[in-house]
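Contents: one structure, followed by commentary.
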Amino acid sequence: MNSIAAQRPIPALMAPAPDNWKLAAIAGVAVSAVAIAALPAAASFWITGAMVAMVAASFVVNAYRRHYFGGLLVSPAIAVLFVMNIFPLLWSLGLSFFAYQSNQQTIRFIGLGNYQKLLTDNLKAPELWANLTNTAMFVVLTVIAQMVTGFLLALLFAKQFPLRKYLLILVLTPMMLSVVAVGVFFSYYYDPTFGILSYVIKAMTGGEQFILMSNKTGAVAGIVFADAWMWSPFVMLLVLAGLVSVPKYLYEAAAIDRVSAWRKFLTITFPYIRGLLMLALLFRTIEAFKMADLVILLTKGGNGTMTISYHVIRIANEQNKTSEGAALSYLLLFVVIVLTNLYLYLANRRAKGS
Amino acid sequence: MAEGSSIWERLGFRRASGVGEAGWGHAVIAGLISFVYFLPVLIIIITSFKLQTEALAVPPKFLPTSFFGLIPDAYVFTPTLENYTSVFSRSMITGAAAENTGFDRYFFNSIVIASVSVLLALAIGTLAAYGFSRYPLKGNDTYLFVILTTRMLPAIVVIIPVILMFRAAGLSGSYVGIILLYTAFNLPFTIWMMKSFFDELSPDVEDAARLDGSSEAAVFFKVCLPQVVAGLAATFVFGLILTWNEFLFALLLTGVDTRTVPVGMNQAVAGGGIGVLWGLLAAIETLFLIPVFLVTFFLQNHLLRGVTFGTVKR
């Protein structure tokens, strides 16, 4: 794409030039290593930060001089993500190979010990397996419920009609609530004594008070309902953005050709919303794998609703077993990465196939 | 439905033609569905005007007025603004004098932190998305995937190194720290979302602009950006909503001066030891909902315009 731009020669490895990012990287790693070993934490942090900035600057100069616009545009995002996300992630990956508890000072290298304990321990392995199946169940149920509800709502709002603007904002509101409030208020709605659900069911059947959370089916249904209610608008908005972007002339042409509604949907509408639908599916699946807050607020993990993410919080936060929690979440990450890759592979193959 | 029947048409039922127009009939159906969907929120708002005893009454008290005796008194409560005043100032111990709860500060913090970090993420993320879409790097998909990976782990895992890092750098409890963290938190979604919008644009228009002598910067700002305004608005709204309500990072990384509303809300729920104060919690949530509700409402036209987006496709 940039073949017209005059290519500058790439500087030799040891030549001190502002665009020699390789040399900058080597120098940066060396200086940071010395600083971390010799200086107190606060000073070495800022020195390491300065080194990262130096390497980043040489990257930018290099990209600018050689018209690598891709690198130039991407670098600020990568820099922020590196410092705030990728670096902490690598840190906790390293931590998962140690025996470390946040309330104690000692730290000891134990290799794969944490992983081994989680996967083979007589008590922990069945628990892990049970939590994984629970999480999988929640992912499947909540994502399906959100995709279906979101899609139907989007179809409802795709047309232009009176008051649409005001009705749409009502449907979008659940997503704007704080999850703390949603969790606490759904436990209020589900409450057997003064909850509205129990009241309605009592009025309809004439029976005693209705305890939703008393068995696994009810507890799961309650959590899935609250989660789907809160996040279906997210799917709806993405699908709707796709629906309104379909050029009108395509429908007009289809109307002239007397194409059936189903075929119109399949050949005109669907290609426009496919990308956004996939994006919604991807992000909702990832979020569903991390589901913990609603479970904590509604059932505290009881009645077979314990999820992996809540399990990690318990281990890492309540029991202070930091490194074991890190190991567990890397097992979770492995599962999610495999699934996401599978999904992206399928999505790409579809896109190429059609 | 009712083809040619003028009564039906006057009632607003028109024949559907793709994404077209519909009349009042459709509006009534959509209104009913929307109302049911909104009901849980409505109950929160109604609860914010109730005293604790009324919030826990059986049967539930639904309405603030009896409509001139039409509704039985058992279903009617007397609306009060007490919850709203006690959001900002109430006595923490029974019988003690009312004191400032600090919620005015929490609201200010939430507004500053959420808006700055979302705008920052939008600026950086849109540039990166354009780069990924138009100038693919070697291993482009790998970069995108690594970026996505940062959102896959439970936040609790990332938080421990972040706490240690912030402590070492003196950033814990500061605005800079939490804003940068939220920026990174918003970036993956911003990049993926904006990339999918840039991917949909036709490169022909951009090539035409280049042939006419536009610089790369002009192509980005004058040709591409105006076409993805809908995407920018949608991404901004999503980012704002997620950041506005983020709880775990805020709980562990904000200090007394930078505490946000969700953390304060959690304290209000847990504090006191006399069970949840439903009216108070509802009042906090209602107040907290208003800013993000208004922003979404005013960005809605952009959100759903889709006039220019995708008009010239490939």
Self-check item: the range A:124-177 - residue that is of a type in the set (S, T, N, Q) and under 26 Å from the mean Cα position of the chain (by Cα) and, of those, farthest from the other protein chains (Cβ to nearest Cβ)
Solution: A:Thr133
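Scan the range A:173-217 for residues that are polar (S, T, N, Q), closer than 25 Å to B:Glu246 by Cβ and assigned to a helix (DSSP H, G or I) and jot them down.
Within the range A:173-217, A:Thr173, A:Ser187 meet the criteria.
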Quiz item: For B:Ala209, are the conditions met, namely being more than 20 Å from the chain's Cα centre (by Cα), open to solvent by less than 40 Å² (accessible area, probe 1.4 Å) and on the phi < 0 side of the Ramachandran plot?
Solution: yes
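So which helices (runs of 4 or more DSSP H) stay within the range A:1-111 end to end and still have 2 or more residues that are at pLDDT below 80?
Per the criteria, A:21-38, A:41-65, A:69-81.
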Exercise. Report the residue count in the range B:21-51 for those that are open to solvent by less than 70 Å² (accessible area, probe 1.4 Å), among the β-branched types (Val, Ile, Thr) and more than 27 Å from A:Ser178 (Cβ to Cβ).
Key: 0
Exercise. Search the range A:54-96 for residues being in contact with a Ser or Thr (Cβ under 6 Å, 6 or more places away or on another chain) and touching a residue at least 60 places away in the same chain (Cβ under 8 Å), and hand back the single one that is farthest from the other protein chains (Cβ to nearest Cβ).
Key: A:Ser96
Exercise. Residue by residue through the range B:75-89, note down the ones that are outside any helix (DSSP H, G or I) and either of a type in the set (Ser, Thr, Tyr) or at pLDDT below 75 (or both).
Key: B:Thr78, B:Thr80, B:Ser89
Exercise. Please specify each residue of the range B:255-314 satisfying the condition of being open to solvent by 10 Å² or more (accessible area, probe 1.4 Å), at pLDDT 80 or above and of a type in the set (D, E, K, R).
Key: B:Asp257, B:Arg259
Quiz item: Within the range A:225-232, is there a residue that is crowded, with 20+ Cβ neighbours inside 10 Å, touching an Asp or Glu at 6+ places or on another chain (Cβ under 8 Å) and of a type in the set (S, T, N, Q)?
Solution: no
Quiz item: For the range A:297-330, which residues satisfy the criterion of being of a type in the set (A, V, I, L, M, F, W, C) and within 27 Å of A:Thr217 (Cα to Cα)?
Solution: A:Leu297, A:Leu298, A:Met306, A:Ile308, A:Val312, A:Ile313, A:Ile315, A:Leu328
Quiz item: Got a sec? Which of B:Val256, B:Val223, B:Val228 is more than 10 Å from chain A (Cβ to nearest Cβ), in a helix (DSSP H, G or I), in contact (Cβ under 8 Å) with a residue 60 or more places away in the chain and over 18 Å from the mean Cα position of the chain (by Cα)?
Solution: B:Val228
Quiz item: Considering only the range A:133-148, how many residues are open to solvent by 50 Å² or more (accessible area, probe 1.4 Å) and either touching a strand residue (DSSP E or B) at 6+ places or on another chain (Cβ under 7 Å) or in contact (Cβ under 8 Å) with a residue 24 or more places away in the chain (or both)?
Solution: 2
Quiz prompt | Qualifying helices (runs of 4 or more DSSP H) (wholly inside the range A:269-317; at least 2 residues being touching a helix residue (DSSP H, G or I) at 6+ places or on another chain (Cβ under 6 Å) and within 8 Å of another protein chain (Cβ to nearest Cβ)) | solution = A:270-289, A:308-313
Quiz item: Going by the structure shown, is A:Val200 touching a residue at least 24 places away in the same chain (Cβ under 8 Å) and hydrophobic (A, V, I, L, M, F, W, C)?
Solution: no
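The values are calculated or read from the model by the stated rules, or taken from the named source; none is laboratory data. All of these numbers come straight from a predicted model, not from anything done at the bench. Positions of Cβ are generated from backbone atoms using ideal geometry, with glycine treated the same way; all protein chains shown enter the neighbour counts. Side chains included, ligands, DNA and RNA excluded: accessible areas come from the protein's heavy atoms. Shrake-Rupley method; radii C 1.70, N 1.55, O 1.52, S 1.80 Å.
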